[in-house]
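The values are calculated or read from the model by the stated rules, or taken from the named source; none is laboratory data. Just so we're clear, the structure is a prediction, and the values are computed from it rather than from any experiment. Backbone-built Cβ (ideal geometry, glycine too); neighbour counts: all protein chains shown. Side chains included, ligands, DNA and RNA excluded: accessible areas come from the protein's heavy atoms. Shrake-Rupley method; radii C 1.70, N 1.55, O 1.52, S 1.80 Å.
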Amino acid sequence: MKKSVVVCYLSILSLFTMGIGFHAGIYSNFLRSAGLDELQINLVNVFFFVTLFLFEIPTGIFADVYGRKKSFLISCSLLSVSMLVYSFSETFWGFSFAETIAAIGITFYSGAFQAWFVDSLKHHGYGGKLNKVFAWESTTRSLSCIASAIVGGYLADISYSLSWLAGGIFYIITLVISAVVMKEEYFKHKHHSLGEALSVMKLTAIGSIRFTRRNKAFRFVVIIGTIQMFCFMAPNMQWQKIFIDKVNLNVYMGIVMAFIQIMVIIGSQISRKNIFNFSTNEKVGMAISQLIIGIGITFTVIFQSFPITIVFFLMHEVGRGMFGPIKSSYLQENIPSKKRATIGSFESMYTHIGGALGLVASGWIAKDIGIPAAWIMSGLILIVMSIFVFVKNKK
């Protein structure tokens, strides 16, 4: 049964990720084609992060009270609607509305889907380390994104709308399949009146808040994740601008995205193989991966030669591939089952604050000073943060 749970999880995750992948390689260039400047592009995504911040906790509580499967199905529904809105929008406010819908959909997904997986595994007796499982999750996500990103690039050269329509269709497919194959044997469904439901949600929220205050592992993940998300916004939003100026076709953006995902796979497999003994000190593992990310981001924009630029850019993606499984394993092994989705949402909520601030800061710097300045700022912050963790851990 444990194997069937893993297969089900990875299969659904693959479909879900493919929906995202269709626009992953062309997203910011799509917004530029509509006439938005660097700051406006980032402000569209500020709507995304602010909405995430507002809805993370309520939707996390919903998942813990009413079921992670219900939460995930709602997520697929909202994301399909968001993709359709994007395909027909042509203005800043249209894009912002689509991002708001997508953000609500993501909050129903974040915390809930991974919580369903972990508790399903534990329900069937799995007691092993989670870092190896999450490494396969990262690999599956990347392989799925490679396929849809390349197709999305070809579709975008015909019409950007086609990329968004393809993503919307995949979320509908994911919704239907998930409704049939996802099981929730560990979860006891209870019928609450509105008053009882609100009371249960309140107790779940209070318990989760108390946990987050006293748990050192959770605080570490929140701090490092928030700073990292702040720094990720510059490369996340501007890498397509850097490379489109060099290759000038959306189909090549899909190919670059494919190489990005290959590097993420390599990073995730490094964490799975435990080459640097991450499982005995996951804090150091996260710091090492963050140092690689910081160096890669910084040197991507220092050199003008395309081969050197792409090498350092892909190097930072290896670090990102390493970080995700280590962080997920460290977090999931240190949170209680009954509040797993809610606490996961708390962690996501804090990082969204960093993301929103990073979007404003990197967008302003890129517009008024230049994209290289935004990247160098982000890279140096990550490098300094990594060194701080090394020094504190040694003490």
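Listed by position, the helices (runs of 4 or more DSSP H) inside the stretch 1-70 whose residues that are within 25 Å of ALA258 (Cβ to Cβ), in contact with a Ser or Thr (Cβ under 8 Å, 6 or more places away or on another chain) and at pLDDT 85 or above number at least 2 are 2-24, 38-66.
Residues in the stretch 361-380 that are crowded, with 18+ Cβ neighbours inside 10 Å and among the β-branched types (Val, Ile, Thr): ILE365, ILE371, ILE376.
Looking across PHE62, PHE55, PHE88, one residue alone is crowded, with 24+ Cβ neighbours inside 10 Å and either in contact (Cβ under 8 Å) with a residue 12 or more places away in the chain or of a type outside the set (Lys, Arg) (or both). It is PHE62. Listed by first and then second residue, the pairs linking a residue in the stretch 281-292 that is over 8 Å from PHE323 (Cβ atoms) and in contact (Cβ under 8 Å) with a residue 24 or more places away in the chain to a residue that is open to solvent by 40 Å² or more (accessible area, probe 1.4 Å) and aliphatic (A, V, I, L, M), with Cβ atoms under 9 Å apart and 6 or more places separating them unless they lie on different chains, are ALA287/ILE387; LEU291/ILE387; ILE292/MET315.
Any residue in the stretch 184-201 that is outside any helix (DSSP H, G or I), at pLDDT below 70, aromatic (Phe, Trp, Tyr) and over 30 Å from SER33 (Cα atoms)? Within the stretch 184-201, one or more residues are outside any helix (DSSP H, G or I), at pLDDT below 70, aromatic (Phe, Trp, Tyr) and over 30 Å from SER33 (Cα atoms).
Of all residues in the stretch 122-149, those that are more than 16 Å from CYS8 (Cα to Cα) and of a type in the set (Ser, Thr, Tyr) have Cβ atoms under 6 Å from Cβ atoms of residues that are modelled with pLDDT of 75 or more and in a helix (DSSP H, G or I), 6 or more apart or on another chain, in SER142/GLN261; SER142/VAL264; SER142/ILE265; SER148/MET18; SER148/GLY21; SER148/PHE22.
Sub-8 Å Cβ pairs linking a first residue in the stretch 215-233 that is touching a residue at least 60 places away in the same chain (Cβ under 8 Å) to a second residue that is assigned to a loop (DSSP other than H, G, I, E, B) and buried (at least 22 other Cβ atoms within 10 Å of the Cβ), at least 6 apart or interchain, are ASN215/ILE335; PHE218/ILE335, ordered by first then second residue.
Among the residues of the stretch 91-117 satisfying the criterion of being open to solvent by less than 20 Å² (accessible area, probe 1.4 Å) and aromatic (Phe, Trp, Tyr), which is farthest from GLU137 (Cα to Cα)? Here the answer is PHE95. Taking the criterion of being in contact with a His (Cβ under 8 Å, 6 or more places away or on another chain) and surrounded by fewer than 18 Cβ atoms within 10 Å (Cβ to Cβ), the residues of the stretch 1-35 that qualify are MET1, LYS2. Would you confirm, using the coordinates I've provided, whether PHE323 is over 23 Å from ASN42 (Cα atoms), in a helix (DSSP H, G or I), modelled with pLDDT under 75 and under 16 Å from the mean Cα position of the chain (by Cα)? Judged against the criteria, PHE323 is not a match. In the stretch 206-222 there is at least one residue that is within 17 Å of the chain's Cα centre (by Cα) and at pLDDT 65 or above.
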